[in-house]
Amino acid sequence: MLDLVLALVVAIMLVAGGVFTFLAALGILRLPDVYTRMHAASKAGTVGSGLMLLAAGIHSLDVAIFTRALAGFVFFVLTAPVAAHLVAKAAHAAGYRLSRLTVMDDMREQAAKKR
């Protein structure tokens, strides 16, 4: 009985992780500019890969492997937003334009205030 519950939990986590990863890939293909694409990749990609990593850790039934998987998940969650922020800042500094659908550019307004 416990094996069945464990298999269902792992299966649900793998499917959810796959859905989030698919949505991240779809966002990279369909979104209009580098900033929104990066947002989709960093948020949905992190959740998707984290869920699949935790599912692999649970499926292993080994505490050491699960601990490594949990550490990897924490590493993803802590580093992905920082990396996305730095990439967005570098893209903005390099002159990549926002989509014409974008309502406001806080970074340009911040730079204008500093001058």
Is there a residue being among the acidic types (D, E) and in a helix (DSSP H, G or I) anywhere in region 1-13? yes
Take the residues in region 20-51 that are assigned to a helix (DSSP H, G or I) and charged (D, E, K, R), then tell me which one is surrounded by the fewest Cβ atoms within 10 Å (Cβ to Cβ). R30
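Tell me, yes or no, whether region 94-113 has at least one residue that is part of a loop (DSSP other than H, G, I, E, B) and among the polar types (S, T, N, Q).
Yes, that holds for at least one residue.
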Within region 52-67, can you find the residues that are open to solvent by 40 Å² or more (accessible area, probe 1.4 Å) and in contact with a Gly (Cβ under 9 Å, 6 or more places away or on another chain)? M52, L53, I65, F66, T67
Select from region 91-115 the residues that are surrounded by 12 or more Cβ atoms within 10 Å (Cβ to Cβ) and of a type in the set (A, V, I, L, M) and write down the one among them that is modelled with the highest pLDDT. A91
Going through A84, A88 one at a time, which residue ends up being open to solvent by less than 60 Å² (accessible area, probe 1.4 Å), aliphatic (A, V, I, L, M), within 29 Å of M52 (Cβ to Cβ) and in contact with a Phe, Trp or Tyr (Cβ under 6 Å, 6 or more places away or on another chain)? A88
Considering region 72-115 alone, what residues qualify as being among the hydroxyl-bearing types (S, T, Y) and over 23 Å from the mean Cα position of the chain (by Cα)? none
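The values are calculated or read from the model by the stated rules, or taken from the named source; none is laboratory data. Given the structure is predicted, the values throughout are model-derived calculations rather than measurements. Glycine gets a Cβ as well: all are built from the backbone with ideal geometry, and neighbour counts include every protein chain shown. Just the protein is used for accessible areas: all its heavy atoms, side chains included, with ligands, DNA and RNA removed. Shrake-Rupley method; radii C 1.70, N 1.55, O 1.52, S 1.80 Å.
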